[in-house]
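What follows is one structure encoded as structure tokens, with my remarks underneath.
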Amino acid sequence: MNTPADLGAGAARRRRLADELAAGGHLRSGTWRAAVEAVPREVFLAGRVYHPVARGGPRWWEPMTPERVGRDYWLDLAYQDVTWVTQLDGTDAPTPERGIPTSSSTMPSLVVRMLEDLEVRAGDRVLEIGTGTGYSTALLAHRLGGDLVTSVEVDPGVAARAAAALRATGYGPHLVTGDGLAGHQERAPYDRIIATCSVRHIPWAWLAQAAPGARVVATLAGWMNGSGLAALTVAGDGTACGGFLPGTVSFMSARAHAAPPPRSRLPKRDGDARPARYDAGLLDDWTVNFLAQLAAPGVSMARVSRDGAAFETLLTEQATGSYAWLTADDGGTVIQHGPTRIWDQVEETLASWDGAGRPAQERLTIEIGADTQAVVLDVAGRRRSWPLPAPPR
Ligand SMILES: C[S@@+](CC[C@H](N)C(=O)[O-])C[C@H]1O[C@@H](n2cnc3c(N)ncnc32)[C@H](O)[C@@H]1O
């Protein structure tokens with residue numbers, strides 16, 4: 001916990017962080033600035049973060065604690081504009097060195113940018129999905145008072161640490177341990193809903209628990225790693241419409257929306273080969289990646305290098321066993337196998353995007369009806385829509 005000396009040193013660092021976030025255009029209002037200057041992020045890091053280390057792959061981590069790095073450096077890192085991983089593989093094992101991040105303290109610029117984008121007004125009832133460390137929850141509670149803030153975290157260990165940090169800092173939001181995809185009916189309706197884990201579609205429960213005119217800010221993401229920060233307004237009947245905010249925002253997936261684990265063996269390069277009309281390299285583009293995912297929502301993407309050769313792109317749809325290999329052979333070849341012609345679907349979508357003048361993601365809109373959810377591209381009266389993989393309402 002913080003010593004009296006830490007409190008003073010933390011305050012100076014918080015002011016510097018607020019200046020930096022304001023200069024970057026992320027922090028845009030005095031009310032959120034007051035919250036950033038008040039909430040001690042180091043308390044929410046709960047004494048341990050994981051720093052990535054290069055050791056032959058992206059999954060190696062080194063634990064950092066105040067004892068290991070010294071109190072001063074610990075305070076420095078708490079106020080860096082960095083996402084700190086706080087849990088790996090959903091376990092609280094004391095010193096794991098390998099794993100996939102399952103909880104983190106999101107970089108402050110993104111936290112405040114989303115809070116600004118949420119357009120919170122005094123008196124708003126806010127539902128947050130993904131309490132994580134509790135840092136963003138504390139900012140909300142500072143701004144609105146704990147009574148108006150409900151935050152849901154799926155992982156009991158993460159939730160317990162957040163609860164302790166919130167208690168220690170004197171904030172009293174309503175905390176729920178459970179699946180945030182179900183919202184929290186008991187405290188509904190909500191005027192604002194914000195998610196700090198990504199979703200493949202907007203959960204129907206959020207819409208049902210939203211007050212008329214409520215605003216929802218959440219990242220829509222999928223199994224090809226495409227992502228977009230969505231902002232929606234909910235109508236009185238639970239339908240909603242909105243669009244994508246600028247920037248390249250991504251979040252770890254809500255647990256039930258995560259991609260299935262990859263198969264341990266790569267599929268063969270058997271199938272129907274043809275020249276690719278669009279190059280796999282195009283998938284590195286933010287908007288193209290997102291559109292490709294809309295075209296093939298059950299498909300996961302991997303970049304594979306065989307024997308140190310150039311990377312190939314592998315798209316797989318586990319539900320049907322379909323796959324598409326994209327190689328650089330003969331200036332770009334696709335080999336497709338199985339009932340879903342994955343690259344045909346992606347190319348058909350990219351052709352309509354091309355025909356519309358290659359608009360950026362912000363030109364797409366989101367339409368949520370009585371029982372369907374879709375992303376829509378409407379350019380010069382030519383309308384194209386892609387359903388999101390939402391279950392029936
Ligand atoms: C990026 S972290 C949250 C960052 C947090 N807002 C902060 O400031 O520290 C995402 C969190 O979402 C949680 N999460 C994942 N799936 C969830 C679900 N279905 N319901 C609630 N929380 C979920 C994860 O356990 C993780 O703690």
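Pairs please, first residue from the range 96-125 and more than 15 Å from LEU139 (Cβ to Cβ), second anywhere and among the β-branched types (Val, Ile, Thr) and within 16 Å of the ligand (Cβ to nearest atom), Cβ atoms under 6 Å, 6+ apart in sequence or on different chains.
Correct list of pairs: PRO101/VAL85; SER103/THR86; SER103/VAL158; SER104/THR83; SER104/VAL85; SER104/THR86.
Out of all the residues in the range 255-304, which are among the charged types (D, E, K, R) and away from the ligand (no atom under 16 Å from the Cβ)?
Keep residues of the range 255-304 that are among the charged types (D, E, K, R), which gives 255, 263, 265, 268-270, 272, 274, 277, 279, 284-285, 303.
Within the range 255-304, ARG263, ARG265, LYS268, ARG269, ASP270, ASP272, ARG274, ARG277, ASP279, ASP284, ASP285, ARG303 qualify.
Just for strands (runs of 3 or more DSSP E) wholly inside the range 277-393: which have at least 1 residues that are within 24 Å of the chain's Cα centre (by Cα)?
On the way: elements: 300-304, 312-317, 322-327, 333-337, 365-368, 373-379, 382-387.
The strands (runs of 3 or more DSSP E) meeting that bar are 300-304, 312-317, 365-368, 373-379, 382-387.
From (1) β-branched (Val, Ile, Thr); (2) within 15 Å of the ligand (Cβ to nearest atom); (3) more than 10 Å from the chain's Cα centre (by Cα), pick out the condition that doesn't hold for VAL234.
(2)
Has the range 215-228 got any residue that is within 12 Å of the ligand (Cβ to nearest atom), part of a loop (DSSP other than H, G, I, E, B) and either touching a residue at least 24 places away in the same chain (Cβ under 8 Å) or among the basic types (Lys, Arg) (or both)?
Taking every residue of the range 215-228 in turn, none turns out to be within 12 Å of the ligand (Cβ to nearest atom), part of a loop (DSSP other than H, G, I, E, B) and either touching a residue at least 24 places away in the same chain (Cβ under 8 Å) or among the basic types (Lys, Arg) (or both).
Count, please, the residues in the range 89-106 that happen to be out of contact with any Lys or Arg (no Cβ under 7 Å at 6 or more places or on another chain) and assigned to a loop (DSSP other than H, G, I, E, B).
Selection size over the range 89-106: 9.
May I ask you to verify whether ALA38 is within 16 Å of the ligand (Cβ to nearest atom), hydrophobic (A, V, I, L, M, F, W, C) and more than 24 Å from the chain's Cα centre (by Cα)?
Values: within 16 Å of the ligand (Cβ to nearest atom): yes; hydrophobic (A, V, I, L, M, F, W, C): yes; more than 24 Å from the chain's Cα centre (by Cα): yes.
Yes.
Suppose the filter is basic (Lys, Arg), surrounded by fewer than 21 Cβ atoms within 10 Å (Cβ to Cβ), over 11 Å from ILE194 (Cα atoms) and more than 16 Å from the chain's Cα centre (by Cα); does ARG121 pass it?
Values: basic (Lys, Arg): yes; surrounded by fewer than 21 Cβ atoms within 10 Å (Cβ to Cβ): yes; over 11 Å from ILE194 (Cα atoms): yes; more than 16 Å from the chain's Cα centre (by Cα): yes.
Here the answer is yes, as ARG121 does meet what is asked.
Can you name the residue in the range 42-58 that is in a strand (DSSP E or B) and not aromatic (Phe, Trp, Tyr) and, of all such residues, is modelled with the highest pLDDT? Give the derivation first.
Within the range 42-58, the subset in a strand (DSSP E or B) is 49-52.
Now drop any that are not not aromatic (Phe, Trp, Tyr), which leaves 49, 51-52.
Numbers: VAL49: 95, HIS51: 90, PRO52: 88.
Residue satisfying both the conditions and the ranking: VAL49.
Does ALA9 qualify as being farther than 19 Å from ALA162 by Cα, in contact with a helix residue (DSSP H, G or I) (Cβ under 8 Å, 6 or more places away or on another chain) and modelled with pLDDT under 95?
Considered against the rule, which asks whether it is farther than 19 Å from ALA162 by Cα, in contact with a helix residue (DSSP H, G or I) (Cβ under 8 Å, 6 or more places away or on another chain) and modelled with pLDDT under 95, ALA9 comes out as yes.
Here's a check for you: in the range 33-75, which residue that is touching a Lys or Arg at 6+ places or on another chain (Cβ under 7 Å) and in contact (Cβ under 8 Å) with a residue 40 or more places away in the chain is surrounded by the fewest Cβ atoms within 10 Å (Cβ to Cβ)?
Top of the filtered list is ARG59.
Just a yes or no: is a residue in the range 68-81 within 17 Å of ARG13 (Cα to Cα), more than 10 Å from the ligand (Cβ to nearest atom), of a type in the set (Phe, Trp, Tyr) and in a loop (DSSP other than H, G, I, E, B)? Full working, then the answer.
First, pick out the residues of the range 68-81 that are within 17 Å of ARG13 (Cα to Cα): 70-81.
Add one more test, that the residue is more than 10 Å from the ligand (Cβ to nearest atom), and what stays is 70-81.
Still in the running and of a type in the set (Phe, Trp, Tyr): 73-74, 79.
From what's left, in a loop (DSSP other than H, G, I, E, B): 79.
Yes: the range 68-81 contains one or more residues that are within 17 Å of ARG13 (Cα to Cα), more than 10 Å from the ligand (Cβ to nearest atom), of a type in the set (Phe, Trp, Tyr) and in a loop (DSSP other than H, G, I, E, B).
Out of everything in the range 240-254 that is surrounded by 17 or more Cβ atoms within 10 Å (Cβ to Cβ) and not in a strand (DSSP E or B), what residue ends up being farthest from the ligand (Cβ to nearest atom)?
Only one residue fits best here, namely LEU245.
Give the residue, chosen from ALA258, ALA195, ALA231, that is aliphatic (A, V, I, L, M) and free of Cβ contacts under 8 Å to residues at least 12 places away in the same chain. Spell out how you get there, then give the answer.
Values: ALA195 fails: free of Cβ contacts under 8 Å to residues at least 12 places away in the same chain; ALA231 fails: free of Cβ contacts under 8 Å to residues at least 12 places away in the same chain.
After applying the criteria, what remains is ALA258.
Return the residues of the range 225-237 that are touching a helix residue (DSSP H, G or I) at 6+ places or on another chain (Cβ under 6 Å) and either surrounded by 24 or more Cβ atoms within 10 Å (Cβ to Cβ) or acidic (Asp, Glu) (or both); say none if nothing qualifies.
Hits for the range 225-237 are GLY228, VAL234.
Please work out which residue is nearest to THR102 (Cα to Cα), limiting yourself to the range 139-176 and to residues that are touching a strand residue (DSSP E or B) at 6+ places or on another chain (Cβ under 6 Å) and either aromatic (Phe, Trp, Tyr) or surrounded by fewer than 19 Cβ atoms within 10 Å (Cβ to Cβ) (or both).
PRO156
Which one of these is at pLDDT 95 or above, of a type in the set (S, T, N, Q) and touching a Leu at 6+ places or on another chain (Cβ under 6 Å): THR219, THR177, THR239? Before you say what the answer is, go through the steps one by one.
Values: THR177 fails: touching a Leu at 6+ places or on another chain (Cβ under 6 Å); THR239 fails: touching a Leu at 6+ places or on another chain (Cβ under 6 Å).
None of the other options fit; the residue is THR219.
The values are calculated or read from the model by the stated rules, or taken from the named source; none is laboratory data. Keep in mind the model is a prediction, meaning the values are calculated, not measured. Cβ: placed from backbone, ideal geometry, glycine included. Neighbour counts: every protein chain shown.
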